[in-house]
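S.K.: I'd like to ask some things about the structure below.
Throughout, read-outs are computed from the coordinates displayed, never taken from laboratory work. None of these values were measured; they are calculated from a predicted model. We place every Cβ from the backbone using ideal geometry, glycine too, and count neighbours over all the protein chains shown.
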Amino acid sequence: KKIVIFASGSGSNAEKIIQYFKSSSEAMVVAVFSNNPNAKVLDRAKNHQIPAVVFNKTQLNESFVLQQLHEYQPDLIVLAGFLLKFPESILKEYPKVINIHPALLPKYGGKGMYGMNVHQAVLENKEKETGITIHYVNEHYDEGEFIFQKSVNIEDCKTAEEIAHKIHELEHQYFPEVIGKLITNH
Ligand code: GRF
């Protein structure tokens, strides 16, 4: 099976997924797509000899990105820190799209809730725990069907950065294997 990853930033999750499937006979990451020409994820893809496609917002919503997807024919699209709205026009053709969200949805989801904004809000609300949610993507932000959630205690965290660190650890631990299970079950 073929996986395409969409990412806008650092891409630490993307790299974990690439590495995980290097030793898999079930699936592989065939390309990384990014809307950010300066994203670190592009260096990571290059280091692993994975082709990258860079596009802008217009190209995402018009035919360019769809045309590029036709080249790679993914069975699964994974959003890993992808900050633009995923277009309905692509979902129509590729309905198997999943996303990772750095909180326990439906809490701390929706437009504007990404990255440090999420952790800052969690900190301000003095939550005792937060976590990660892996879910299908639909036409609304963070509202698709849940696939997996894992919580973590954050009572010892004093800053949003400390929370972010714990969340990244959880993501790296679980995201690749959840994708693996999803792929073998379909
Ligand atoms: C992750 O925390 C993910 O949940 C969020 O964006 C972050 C991406 O991190 N949506 P990275 O680029 O994989 O390091």
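S.K.: About the Cα centre of segment 2-184, what is the dipole size in debye to 20, counting +1 per Lys and Arg Cβ and -1 per Asp and Glu Cβ, all else neutral?
M.R.: That gives segment 2-184 a dipole magnitude of about 260 debye.
S.K.: Give the shape of segment 109-149 as rounded, prolate or oblate, defined through the alpha-carbon gyration tensor: a ≥ b ≥ c are the square roots of its eigenvalues, a/c under 1.5 means rounded, and otherwise the shape is prolate if a/b is larger than b/c and oblate if not.
M.R.: Cα axes put segment 109-149 in the oblate bin.
S.K.: For a quick check of your reading of the filter: which GluC sites (Glu not before Pro) in segment 94-150 sit in a DSSP loop and have no more than 16 other Cβ atoms within 10 Å?
M.R.: Glu139, Glu143, Glu145
S.K.: Treating the angle as unsigned and between 0 and 90°, give the value, to the nearest 10°, between the Cα long axis of helix 115-124 and the longest Cα principal axis of the chain.
M.R.: Once rounded, one gets 20 degrees.
S.K.: According to the square roots a ≥ b ≥ c of the eigenvalues of the Cα gyration tensor, what is the shape class of segment 105-186, taking rounded for a/c under 1.5, prolate for a/b larger than b/c otherwise, and oblate for the remainder?
M.R.: Judged from the Cα gyration tensor, segment 105-186 comes out oblate (a/c at least 1.5, b/c at or above a/b).
S.K.: For the Cα atoms of the chain, what angle does the longest principal axis make with the long axis of helix 160-184, in degrees from 0 to 90, nearest 10?
M.R.: 40
S.K.: With unit charges on the beta carbon (Lys/Arg positive, Asp/Glu negative), name the residue among Cys157, Gln59, Pro95 whose Cα is farthest towards the positive pole of the charge dipole of the chain.
M.R.: Toward the positive end, the furthest listed residue is Gln59.
S.K.: Need the full-extension length gain, His70 to Thr159, defined as separation in residues times 0.36 nm minus the C-alpha distance. One decimal, nm.
M.R.: Length gained between His70 and Thr159: 27.7 nm.
S.K.: What per residue convex hull volume, in Å³, comes out for segment 2-184 when only alpha-carbon positions are used?
M.R.: In segment 2-184, the Cα convex hull volume per residue is 107 Å³.
S.K.: Is segment 1-106 best put as rounded, prolate or oblate by its Cα gyration tensor, with a ≥ b ≥ c the root eigenvalues, rounded for a/c under 1.5, and otherwise prolate when a/b is larger than b/c, oblate when not?
M.R.: Rounded, because the longest to shortest axis ratio a/c is under 1.5.
S.K.: Okay, moving on. Alpha carbon centre of segment 8-38 versus segment 94-155: separation in Å?
M.R.: 20
S.K.: Go through 2-10, 94-102 and give me the packing order, highest mean Cβ count within 10 Å leading.
M.R.: Most protected by this proxy first, the peptides run 2-10, 94-102.
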